[in-house]
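Heads up: the structure comes next, in structure tokens.
Computed from the coordinates by the stated procedures, all read-outs in this text should not be read as laboratory data. Being a predicted model, the structure only gives us computed values, none of them experimental. Don't worry about glycine lacking a Cβ; one is built from the backbone with ideal geometry, like all the others, and counts go over all protein chains shown.
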Amino acid sequence: MPLINTPKALETLVNRALDAPCVGIDTEFVWERTYYPRLGIVQMGLAENDSHLIDAVTLSDLSPLGTLLSDPHTVKILHDAQQDLWILRRITNAIPHNIFDTRCAAGFVGLSSNLSLGNLLHMCLNIQLPKTETRTNWLRRPLSDNQLEYALDDVRYLPALREHLLTDIHRRDRENWLAEELRQYDIAKLYDDRAPEEQYTRVKGTGRLSRRDMAIVRELATWREKEAQQTDRPRPWIISDDAIVQIARRKPRSIQSLKRLRGIPRSTVNQYANSLLNAVQRGLAIDEKNCPPISPPVRPDPLDDARLDLAMAFLRGQCLSEGIDIAMVASRTEVKAYIASKKNTTDNPLHTGWRHEFLGADLTALLKGKHAIGIDPETRLPRLLQDKA
């Protein structure tokens with residue numbers, strides 16, 4: 001199977017895909033030594049015996065893929081779609097439309113929404129995929145026969161898998177729920193890079209820092225993000241989260257102070273001392289009211305904990321009974337926020353759409369004492385029995 005590596009061949013394949021009702025898509029990339037992933041190939045599967053590999057290393061212009069990605073008519077089938085779509089959005093500058101995520105669909109038919117493609121294919125179609133090239137270098141040419149077959153396997157069965165999942169979803173009358181969930185992939189901001197000034201919220205180990213400390217963390221993380229982007233290097237290669245937290249706590253004012261901090265390589269200090277010290281000074285100069293907020297410690301309330309435990313048990317019981325993956329519905333944090341909220345808000349998924357239809361209204365009634373619950377004899381978890389009189 002030769003790689004598609006000419007503009008004409010790519011255009012021909014994309015035109016064929018645009019005429020098809022659906023097409024499987026996947027990407028293979030390398031992302032160990034750079035800030036942005038390096039795309040190696042794009043796989044496209046129109047059917048089991050009609051699958052192709054696009055050479056993203058040789059082709060400098062992949063914009064025709066953007067035409068397909070944004071086309072509202074042809075369904076693009078991916079597994080665990082967001083990362084692949086983010087990569088393709090960046091390469092093609094096209095906003096995805098009409099996406100079918102097999103991982104997402106699995107969560108509506110009694111399967112885990114965290115299954116790998118291989119496991120999902122095995123469970124749904126009894127197809128066993130070999131996983132021999134999971135750590136391969138997709139940028140090196142030529143690719144081996146094993147690499148080519150491995151890549152083709154990731155898309156050749158996607159149309160058949162979609163049909164299988166849709167049949168089960170139709171049987172359960174959940175087409176509207178799935179359609180609502182899949183519409184998230186049409187939202188352009190889903191693929192936007194987070195602003196450098198917001199990256200501080202991802203720094204680990206900041207739980208006991210003060211607001212002033214967090215102002216310094218914000219300055220350091222903002223600088224690190226811009227430096228990583230400019231040099232196309234992974235964030236930890238610039239400076240680690242641990243080092244950022246150490247600097248924010250100690251607030252060094254000189255190169256010698258920096259060198260005395262534990263866990264910061266001498267090479268980092270030698271290369272970035274001025275940038276680090278300047279970030280500290282900017283953080284110290286910020287007005288107190290403009291420092292990032294921190295959450296004060298909250299004393300646990302036994303009643304609130306009991307209500308949350310009841311809600312989570314009810315959620316698990318409903319999900320097991322109805323064959324919906326609990327991970328699709330809400331996290332414990334989201335359930336806790338739902339219980340605490342005084343009014344409906346779109347910020348919480350349980351207040352809107354299919355999640356509210358499936359669980360939200362009954363959960364509200366349960367917590368207000370308007371429903372009775374019992375123990376399901378099969379799952380041994382709480383389930384709704386009847387309305388209270």
Measuring from the lowest to the highest alpha carbon on each principal axis, how far does the stretch 13-73 reach, largest first, in angstroms?
38, 23, 18
Can you say what percent of the DSSP beta bridges in the chain, counting only those with both residues inside, are antiparallel? Round to 5.
70 percent
Among the stretch 2-32, those whose backbone N falls under 20 Å of a label point 7 Å along Cα→Cβ from Leu125 are 17-28
Return a whole-number percent for the relative contact order of the stretch 1-126, with Cα pairs under 8 Å and 6 or more residues apart as the contact set.
22 percent
Label-point separation (nm) for Gln230 and Gln184, each offset 7 Å from Cα along Cα-to-Cβ?
3.5 nm
Work out which helices of the chain, taken as complete DSSP H runs, extend at least 18 Å along their axis over the Cα atoms and score a mean Kyte-Doolittle of -0.5 or more, then list them.
158-171, 266-285, 302-322
Based on alpha-carbon centroids, what's the gap between the stretch 1-41 and the stretch 210-249 in Å, whole number please?
35 Å
Rg/Rh for the stretch 207-255 to two decimals, with Rh computed the Kirkwood way over all alpha-carbon pairs.
1.00
Extension length gain for Ser341 and Leu139 (0.36 nm per residue less Cα distance), in nm, is 67.8 nm
Relative contact order (%) - criterion: Cα under 8 Å, at least six apart; region: the chain:
14 percent
